[in-house]
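Report on the structure given below.
The values are calculated or read from the model by the stated rules, or taken from the named source; none is laboratory data. All values derive from a computational prediction rather than experimental measurement. Heads up, the Cβs are rebuilt from the backbone with ideal geometry, glycines too, and the neighbour counts pull from every protein chain shown.
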Amino acid sequence: MHILRRWLWLWLLLLGAAGMDASIQYFGYAPGKCEVSISGVIQDMIATEARIISGVPRPSQTKLLRYDLYTPLNPEERQLLRPGDVTMLRNSHFNPKWPVRVSIHGWAGKAISCSNAAIKDAYLSRGNYNVIILDWGRQALDISYPRVSKQLPSIAANVAKMLRFLHDNTGVPYEQIYLVGHSAGSHISGLTGKMLRPHRLGAIFALDPAGLTQLSLGPKDRLDVNDALYVESIHTDLTLLGNPSTKLSHASFFVNWGLGQPHCPNATATEFDFVCDHFAAMFYFAESVRQPRSLAALRCSSAQSVLSATCNCNSPAQICTGNEFMGGEPAVPKRGIFYLSTRPQSPYGYGDGLVHMRRPRPSTVRETAKRRPFG
């Protein structure tokens, strides 16, 4: 009954959130160029539920999934790629001499979300990259997260097939491929890494990896530290959708203690109020790609010292020199558990190499619940 009430509450929050429609011709992180409509999300979820109830057969993964390629030669207009389609690959701007970065959205997400646009634009601002955005929205836009979770292994199998196809037909090294997964996309990334063994991906960046049903899973069934040569997790929403585990990655970064993010709710004007904390990891990461030394972090002694907000830099002014920088491009391997704080507006990092200690802030979810109480 408790779980049922939680799913109902999440659904009501979705229905209560506000958004606006955007007409998409060119895809970028700018007004009118990326999708921010909650009404579209709700309509798609209702359509998914109707198909399931009516017993309409689900298409194959090949038809359900879409791989959108962006490069410096087509920074805002996608080119479609498909596993096994050599002609489509040869007719695209994919360049095996350039690193490959694959962005994978989470539950209720779409490839054309503004957060994906921010990540794509960040990489292309650095120079020559093949940025691929996986669109698994036809599975993700489902009211039942447990039902979504059961599909993650088959989605990951298709992603692994795609990466093998790119490697076999272009020679791009697996070490030059990074997966950037948000929420459930973090676990798709991890499962993909497992399926590619003995080959190893260069890195996985897990942006607020999903908790929910993944909290009870072992390392074989969710993101794990061994799924790439380097795995980094960035935690921003421990209250509702995120995962507090430090066993998912080599380095775990808890931004603002993983609780209320200072720019929330909705300072980006692109995500819905109640999930602003959850999506914050994507915008912080995008900034770290543009400015790799923007977000300095303090190493903490244990996960408990972060979860209890007792990690301290032992400075009277509560400002100290950081031990490492979060995110970045290319990946710089780190080890440990870290805390950092952000500014309440972009740029979020202080850019001074210092860690500015802050007290925990109530999460966006709790503030939203106060404004929209549900029985």
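Here are Ile24, Ile46: which of them is among the aliphatic types (A, V, I, L, M), out of contact with any helix residue (DSSP H, G or I) (no Cβ under 6 Å at 6 or more places or on another chain), at pLDDT below 95 and in a loop (DSSP other than H, G, I, E, B)?
Of the residues listed, the single one that is among the aliphatic types (A, V, I, L, M), out of contact with any helix residue (DSSP H, G or I) (no Cβ under 6 Å at 6 or more places or on another chain), at pLDDT below 95 and in a loop (DSSP other than H, G, I, E, B) is Ile24.
Need pairs with beta-carbon distance below 6 Å; first residue in contact (Cβ under 8 Å) with a residue 60 or more places away in the chain and surrounded by fewer than 24 Cβ atoms within 10 Å (Cβ to Cβ) and within the range 271-284, second among the hydroxyl-bearing types (Ser, Thr, Tyr) and part of a helix (DSSP H, G or I); sequence gap 6+ or separate chains.
Here the result reads Asp273/Thr368, each pair linking the range 271-284 to a residue that is among the hydroxyl-bearing types (Ser, Thr, Tyr) and part of a helix (DSSP H, G or I).
Every residue in the range 331-346 that is at pLDDT 95 or above and surrounded by fewer than 14 Cβ atoms within 10 Å (Cβ to Cβ), please.
Across the range 331-346, the qualifying residues are Pro333, Arg335, Arg343.
Return the only residue of Ser252, Ser186, Ser288 being closer than 20 Å to Asn158 by Cβ and touching a residue at least 40 places away in the same chain (Cβ under 8 Å).
Just one listed residue meets the conditions, Ser186.
Can you pull out the residues in the range 157-166 that are under 16 Å from Tyr178 (Cβ atoms) and touching a strand residue (DSSP E or B) at 6+ places or on another chain (Cβ under 9 Å)?
Once the filter is applied, which keeps residues that are under 16 Å from Tyr178 (Cβ atoms) and touching a strand residue (DSSP E or B) at 6+ places or on another chain (Cβ under 9 Å), the range 157-166 yields Val159, Met162, Leu163, Leu166.
For the range 83-199, which helices (runs of 4 or more DSSP H) that fit wholly inside it have 3 or more residues that are of a type in the set (Gly, Ala, Ser) and surrounded by 22 or more Cβ atoms within 10 Å (Cβ to Cβ)?
The qualifying helices (runs of 4 or more DSSP H) are 114-126, 184-195.
Please go through (1) in contact with a helix residue (DSSP H, G or I) (Cβ under 8 Å, 6 or more places away or on another chain); (2) assigned to a loop (DSSP other than H, G, I, E, B); (3) under 16 Å from His182 (Cα atoms) for Ser249 and return the number of the only condition it doesn't satisfy.
In the conditions (1) in contact with a helix residue (DSSP H, G or I) (Cβ under 8 Å, 6 or more places away or on another chain); (2) assigned to a loop (DSSP other than H, G, I, E, B); (3) under 16 Å from His182 (Cα atoms), Ser249 misses (1) alone.
Could you list all residues from the range 231-244 that are of a type in the set (Ser, Thr, Tyr) and within 16 Å of the chain's Cα centre (by Cα)?
Ser233, Thr236, listed by residue number.
Does Ile155 satisfy being at pLDDT 95 or above, of a type in the set (Val, Ile, Thr) and more than 14 Å from the chain's Cα centre (by Cα)?
yes
Give me a count of the residues in the range 130-162 that are over 18 Å from Ile52 (Cα atoms) and acidic (Asp, Glu).
1
If Val56 meets every condition in (1) more than 30 Å from Phe274 (Cα to Cα); (2) of a type in the set (Val, Ile, Thr); (3) surrounded by 13 or more Cβ atoms within 10 Å (Cβ to Cβ); (4) modelled with pLDDT under 90 apart from one, which number is that one?
In the conditions (1) more than 30 Å from Phe274 (Cα to Cα); (2) of a type in the set (Val, Ile, Thr); (3) surrounded by 13 or more Cβ atoms within 10 Å (Cβ to Cβ); (4) modelled with pLDDT under 90, Val56 misses (3) alone.
Only residues that are touching a strand residue (DSSP E or B) at 6+ places or on another chain (Cβ under 7 Å) and either touching a residue at least 24 places away in the same chain (Cβ under 8 Å) or assigned to a loop (DSSP other than H, G, I, E, B) (or both): list them for the range 62-81, please.
Leu65, Arg66, Tyr67, Asp68, Leu69, Tyr70, Thr71, Arg78, Leu81
Could you tell me whether any residue of the range 189-204 is under 25 Å from Ala117 (Cα atoms) and hydroxyl-bearing (Ser, Thr, Tyr)?
Yes, there is a match, as at least one residue in the range 189-204 is under 25 Å from Ala117 (Cα atoms) and hydroxyl-bearing (Ser, Thr, Tyr).
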